[in-house]
1. Which ones in region 254-281 are among the hydroxyl-bearing types (Ser, Thr, Tyr) and under 30 Å from GLY87 (Cα atoms)?
2. Which count do you get for residues in region 131-164 that are assigned to a helix (DSSP H, G or I) and either polar (S, T, N, Q) or touching a residue at least 24 places away in the same chain (Cβ under 8 Å) (or both)?
3. Please go through region 165-215 and pick out each residue that is crowded, with 19+ Cβ neighbours inside 10 Å and outside any helix (DSSP H, G or I).
4. Can you find even one residue in region 248-263 that is polar (S, T, N, Q), assigned to a helix (DSSP H, G or I), surrounded by fewer than 15 Cβ atoms within 10 Å (Cβ to Cβ) and touching a residue at least 40 places away in the same chain (Cβ under 8 Å)?
5. Checking the structure you have, find out if any residue of region 162-174 is modelled with pLDDT under 95, touching a helix residue (DSSP H, G or I) at 6+ places or on another chain (Cβ under 9 Å) and among the hydrophobic types (A, V, I, L, M, F, W, C).
6. Output the residues belonging to region 165-219 that are over 18 Å from the mean Cα position of the chain (by Cα) and acidic (Asp, Glu).
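The values are calculated or read from the model by the stated rules, or taken from the named source; none is laboratory data. These numbers come from a predicted model, not from an experiment. With ideal geometry, Cβ positions are generated from the backbone for all residues, glycine too; neighbour counts draw on all protein chains shown.
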Amino acid sequence: MDWRRSRRSTNVEDRRGSGLSAPVVGGGLGTIVIALIVAFLGGDPSVVFDQAAQNPQIQAPQNRSPQDDQMVEFVSAVLGDTEDTWGEIFAQNGERYVEPKLVIFSDAVQSGCGVAQSSAGPFYCSRDQTVYIDLEFYRELRNRFQAPGDFAQAYVIAHEVGHHVQNITGTLSQVNSLRQRSSEARSNELSVRLELQADCYAGVWGHHADRSRQILEQGDIEEAINAASAIGDDNIQQKTRGYVDPESFSHGSSEQRARWFARGLQTGDPSQCDTFSARTL
């Protein structure tokens, strides 16, 4: 991915080494497993964070590596590119795109949705319209789930920005409200549709960014599709449980996530991302 020529966003805040820490969530499952289960949360992940908010501790700031500093540049470039893309799309419809913030943190962070630790994975909080990411997640994506590559990493950010688009268009609040009044099965189904739409929006960004700024290089599309597949519910459940339970899916299968991302990438049309009207996902 040719990202070095991209404009850097001014909406990135680096909180690494801030010293905030929180206990591990999940009763011994381990931070990596929890991260991969709840990564790419749509909306307000307050339920998870409230468990991590008890007895926060202070730790000494961590040393930053040159590689991590380069990743900050990368994240800033990708966010800036999503700002340009969605700004243009909204302007074409006579609307103004409200840019999200992005916070880079290590270990734990105070968000508008509560205290979150790295085990929550990358997430978007609609309460403060901010994307949060610990760069360590990229190492786990590469090493544990065999999904390397810079465009795979960009897909992670673009997916969370997709939740921001859902927030400012009203989709996120409508779906979350409906989920609260629904059965568990129906709530899971709505969550899947929400996540797949964010995947599709990530593809829309990729389409427009490449058409306008020629960012894609050989192998990039395969990297992103591989990442989308890697964090499918079926793949995660198989790795963590040893079996797959489709009724408990909250983000979509590997095939669904890859297919909806590809749909956005191919069409570049947000209207083609209406997962809520789709008869089949």
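1. If we filter region 254-281 for residues that are among the hydroxyl-bearing types (Ser, Thr, Tyr), which is where we start, we get 254, 267, 271, 275, 277, 280.
Scanning region 254-281 gives SER254, THR267, SER271, THR275, SER277.
2. Here is the first cut: in region 131-164, the ones assigned to a helix (DSSP H, G or I) are 136-143, 150-164.
Narrowing the set further to residues that are either polar (S, T, N, Q) or touching a residue at least 24 places away in the same chain (Cβ under 8 Å) (or both) leaves 136-138, 140-141, 143, 150-164.
Going through region 131-164 one residue at a time, the tally reaches 21.
3. If the condition is that a residue be crowded, with 19+ Cβ neighbours inside 10 Å and outside any helix (DSSP H, G or I), then ILE215 is the only one that fits.
4. yes
5. no
6. Answer for region 165-219, where residues must be over 18 Å from the mean Cα position of the chain (by Cα) and acidic (Asp, Glu): GLU184, GLU189, ASP210, GLU217.
Rundown of residues vs (1) outside any helix (DSSP H, G or I); (2) hydrophobic (A, V, I, L, M, F, W, C); (3) modelled with pLDDT of 95 or more; (4) surrounded by 20 or more Cβ atoms within 10 Å (Cβ to Cβ), yes/no style:
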position: ASN55; (1), (2), (3), (4): yes, no, no, no
position: GLN67; (1), (2), (3), (4): no, no, no, no
position: ALA77; (1), (2), (3), (4): no, yes, yes, yes
position: GLU95; (1), (2), (3), (4): yes, no, yes, no
position: ALA116; (1), (2), (3), (4): yes, yes, no, yes
position: ASP128; (1), (2), (3), (4): yes, no, yes, no
